[in-house]
1. Among the listed residues 128, 107, 147, 71, identify the single one that is of a type outside the set (S, T, N, Q), without any contact (Cβ under 8 Å) to a residue 12 or more places away in the chain and either out of contact with any strand residue (DSSP E or B) (no Cβ under 8 Å at 6 or more places or on another chain) or assigned to a helix (DSSP H, G or I) (or both).
2. Of (1) modelled with pLDDT of 90 or more; (2) in contact with a Phe, Trp or Tyr (Cβ under 9 Å, 6 or more places away or on another chain), residue 71 satisfies all except one. Which?
3. Might you check whether a residue that is assigned to a helix (DSSP H, G or I), polar (S, T, N, Q) and at pLDDT 95 or above occurs anywhere in region 92-101?
4. Which residue out of 15, 4, 8 is surrounded by fewer than 11 Cβ atoms within 10 Å (Cβ to Cβ) and modelled with pLDDT under 95?
5. Among the residues of region 18-63, which ones are β-branched (Val, Ile, Thr) and surrounded by 13 or more Cβ atoms within 10 Å (Cβ to Cβ)?
6. Hey, could you check region 170-218 for residues that are small (Gly, Ala, Ser) and part of a helix (DSSP H, G or I) and say which is modelled with the lowest pLDDT?
7. List the number of the failed condition for residue 53; all other conditions in (1) at negative phi; (2) touching a strand residue (DSSP E or B) at 6+ places or on another chain (Cβ under 9 Å) hold.
8. When residues of region 108-143 are filtered for being surrounded by fewer than 16 Cβ atoms within 10 Å (Cβ to Cβ) and either outside the structural domain of residue 166 (by TED's automatic domain parsing) or farther than 24 Å from residue 204 by Cα (or both), how many remain?
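The values are calculated or read from the model by the stated rules, or taken from the named source; none is laboratory data. Just so it is clear, the model here is predicted, and its values are computed rather than measured. Here the Cβ positions follow ideal geometry from the backbone for every residue, glycine too, while neighbour counts run over all protein chains shown.
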Amino acid sequence: MSPGPRAGQVKTKGGVVLTAPASWTLLPPGDAALTRRVKSAGPHWVVKEKKGRRMFSRGVYAPTDRIEEIRAGLLIEREDPKYKRKLERARKKRAEDQEVYAEDFERAVLAYLGFAPKHLALAAKMARAIAEHATPVGSGTVARTKRIPIERRAEAATIAWMRHQTTAYDDMVIPRVKGARREARRMLAKRSKRLLGRYRRGEPVALACPLARHFRQG
């Protein structure tokens, strides 16, 4: 369901406006554990809003007494030292997993670059920069998806990084026409791949090369 025209209302996919029962409350997003338990405990309405291509959670309508009961139980549970230790172990595990993934992704980018031996130092700098940009949790980049193999993620992240760092994409005035931005990205991707090809073949680096210039400036 999506937000309705007034507070306390939602709109179904069919456009029907419903008013939440008086005994229900909108639980805002932010506490994933509380939301999961409220949803699994009984009837509820999930409210989402689409902006552009992305869908954003606007909360869950559910009986007020259920929300408060589960919230109180969670509060007691979270005060338990055992829970805090479990939470700390989970945080440590996520940090370790993130570090391993960042290293794996950097290696995947380096493999995709495939620069000639004379340009390996630049390739290493580039792979590190791309991994640092693309792998953080919450970055929203292609590196965070698991829907495609890491090799394809590395390629997509490299081309996206080059689009912003070695082309004029961020300053381009692109017509607000369907497909125009996609076509601009496709054109710049071809240009970036041609540039990578010169480094793979071991060709001399020109002073005006946007890739080499980026790292000289950095």
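1. 147
2. Result: residue 71 fails condition (2) only.
3. For region 92-101, residues assigned to a helix (DSSP H, G or I), polar (S, T, N, Q) and at pLDDT 95 or above: absent.
4. 15
5. 25, 35, 38, 46, 47, 60
6. 212
7. (2)
8. 6
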